[in-house]
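Structure first, commentary second.
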Amino acid sequence: MTLRPASKPRQFLMFHKPKGAIVTLSDEGGRRTVYDILPRFVLKDGWRPVGRLDRDSRGLLLFTRDGVLVNRLTQPGQYSKIYEVWIRGRITEEQLRQTLKGVKTAIGILKAERVEISGYAGHKTRLLVELLEGKNRHIRRIFGALKDPQFNSPLKVLDLKRIQIGVVKLDIPSTKWRFLTHKEEEALIRGTAY
């Protein structure tokens, strides 16, 4: 008989948050929360979200039971977050540069670390947006402050999906969850590739 060491407990779980769910423990208005979708042990055992995604956004959300790790991962500038974003309208090269320098919004100047056009569909533009700091509705505010040059109306975010935090990439379908592997956890904590 071979004895193997006890498996090290997992520190993170990944959840693919669907659009419409809110990131809170409970909601007085009766709206669906992420805890209504996740298995009961997540709430019971004290797993807490690392950051937020607004109700209209979907994608990668990490959970941990370690408050120190929550603080470390949500510290501005520590970990990049990458989003796949569909906007109504066409964005110009000048507007792309402006998103990197900073765009004046109702809550101050907001900027992205990187913005790439990854495709078009009709009058919609698909972007990859990287942030090092995320304020409330950050991406929606940036693009809402820019105008579609053809129609002179604000660009509008139609769909926003977080696809990566640090080195961890979303790889599960909507409403599903999984524990991160030990390699993913170590790479995330160290901030390196796995």
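Over segment 30-154, average the accessible area per residue using a 1.4 Å probe and give it in Å², no decimals.
54 Å²
Just list whichever of LYS81/LYS111; LYS44/LYS161; LYS111/LYS176; LYS101/LYS183 have alpha carbons separated by over 24 Å in the model shown.
Check vs 24 Å cut-off fails for LYS44/LYS161; LYS111/LYS176; LYS101/LYS183.
Counting Lys +1, Arg +1, Asp -1, Glu -1, what net charge surrounds ASN136 among other residues with beta carbon under 11 Å of its beta carbon?
+4
Using alpha carbon centroids, what distance separates segment 118-165 and segment 67-108, in Å?
Taking the Cα centre of each part, segment 118-165 and segment 67-108 sit 9 Å apart.
Which percent of the accessible area of segment 1-121 is formed by carbon and sulfur heavy atoms (probe 1.4 angstrom)?
49 percent
Obtain the nm distance between the two label points defined at LEU25 and ASP54 by a simple spin-label model: each point lies 7 Å from its Cα along the Cα-to-C-beta direction.
Between LEU25 and ASP54, the simple spin-label model gives 2.5 nm.
Residues of segment 139-169 with amide nitrogen under 16 Å from the 7 Å Cα-to-Cβ point of LYS104?
Residues 142-147 fall inside that zone.
Check each of the GluC sites (Glu not before Pro) in segment 86-194 and keep only those in coil by DSSP with at most 15 other C-beta atoms within 10 angstrom; list them in order.
GLU113
For the chain, what does the helix formula give at 222 nm: sum of -39500 (n - 2.57) over DSSP H segments with n ≥ 4, over the residue count, nearest 500 deg cm²/dmol?
-5500 deg cm²/dmol
Taking 0.36 nm per intervening residue step and subtracting the Cα-Cα distance, what contour gain separates ARG65 from ILE189 on full extension?
Result for the pair: 43.2 nm of gain on full extension.
The values are calculated or read from the model by the stated rules, or taken from the named source; none is laboratory data. Because the structure is a prediction, the values reported are computed rather than measured. Don't worry about glycine lacking a Cβ; one is built from the backbone with ideal geometry, like all the others, and counts go over all protein chains shown. All accessible areas refer to the heavy atoms of the entire protein, side chains included, with ligands and DNA or RNA removed. Shrake-Rupley method; radii C 1.70, N 1.55, O 1.52, S 1.80 Å.
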